[in-house]
Amino acid sequence: MIAVEDTVLILLAAGRSERFGDVGSKLDQPFLSRPLGLHVAVALEDIPFRQRIAVVDGCKLDYAQHGFKLLHNEDPERDMASSVRMGVECARALDAKAVLIALADMPRVTASHIYRLMDAADSEDAVVASSDGVAPKPPALFGRARFDDVLAIRGDQGARDLIQAGRHVVTNAAELIDIDTREDLKELQRLVHAPEPLNRTDSHAIRG
């Protein structure tokens, strides 16, 4: 088993939010009285990771305040895995035995699920991904024997192939919702009964 104290958390918070619309970064949008991109950071803040790394670009969120070391990806769109590689290279320099990769746009992930992923990691060759019972997805853990495989990934298909071949820990599908569009956020607000508006225009539409 890989101890959480030997694991580096890599939070991916870089990207253009193009599918969400012209808002700067979707991670700054409000959800349950907190910016969308801070929910995972807060949910996992009591887990004693060796280090917390947030790979960022345009969002305004203060991840450092939540114990994260910041890595700036100046061109996150050059390929889909560039932020992952930055984080893994940093974790390797810290002599981590594993990395736990999470997405900042998945605001419902819980600490209990992360501990279940850790419990399923039985060796440094481990690949353990989350699953909604249909498909594997982040958060995902990679033991350090897999770091070279992760660093070789270009685009997102390589990551999918790697986690598809690993172990999968099933949890409630609602915990693994990721927010790509305004409609995704509105649907999540409906599910958790949080009718806060996305912006002033939406607020006027609701009142009208």
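The values are calculated or read from the model by the stated rules, or taken from the named source; none is laboratory data. On a predicted model such as this, the values are computed, not experimentally measured, just so you know. Reconstructed Cβ throughout: ideal geometry from the backbone, glycine too, with neighbour counts over all protein chains shown. For accessibility, only protein heavy atoms count, side chains too; no ligands or nucleic acids. Shrake-Rupley method; radii C 1.70, N 1.55, O 1.52, S 1.80 Å.
Let's see how each residue does on (1) in contact with a strand residue (DSSP E or B) (Cβ under 9 Å, 6 or more places away or on another chain); (2) under 15 Å from residue 140 (Cα atoms); (3) modelled with pLDDT under 80:
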residue	(1), (2), (3)
161	no, yes, no
164	yes, yes, no
171	yes, yes, no
178	yes, yes, no
183	no, no, no
186	no, no, no
192	yes, no, yes
198	yes, no, yes
202	no, no, yes
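Taken over segment 39-83, the criterion of being crowded, with 20+ Cβ neighbours inside 10 Å and touching a His at 6+ places or on another chain (Cβ under 7 Å) is satisfied by 41, 56. State which residue is nearest to the chain's Cα centre (by Cα) when the search covers only segment 131-150 and only residues that are assigned to a helix (DSSP H, G or I) and not basic (Lys, Arg). For segment 131-150, the residue satisfying everything is 150.
It is to be established whether one or more residues within segment 151-168 are in a loop (DSSP other than H, G, I, E, B), free of Cβ contacts under 8 Å to residues at least 60 places away in the same chain, open to solvent by less than 40 Å² (accessible area, probe 1.4 Å) and of a type outside the set (Asp, Glu). Yes, segment 151-168 contains a residue that is in a loop (DSSP other than H, G, I, E, B), free of Cβ contacts under 8 Å to residues at least 60 places away in the same chain, open to solvent by less than 40 Å² (accessible area, probe 1.4 Å) and of a type outside the set (Asp, Glu).
Here is a check on your reading of the model: is residue 74 acidic (Asp, Glu) and closer than 29 Å to residue 189 by Cα? No, not satisfied.
From the list 88, 99, 109, 128, which one is open to solvent by less than 10 Å² (accessible area, probe 1.4 Å), in contact with a strand residue (DSSP E or B) (Cβ under 9 Å, 6 or more places away or on another chain), at pLDDT 95 or above and assigned to a helix (DSSP H, G or I)? The unique qualifying residue is 88.
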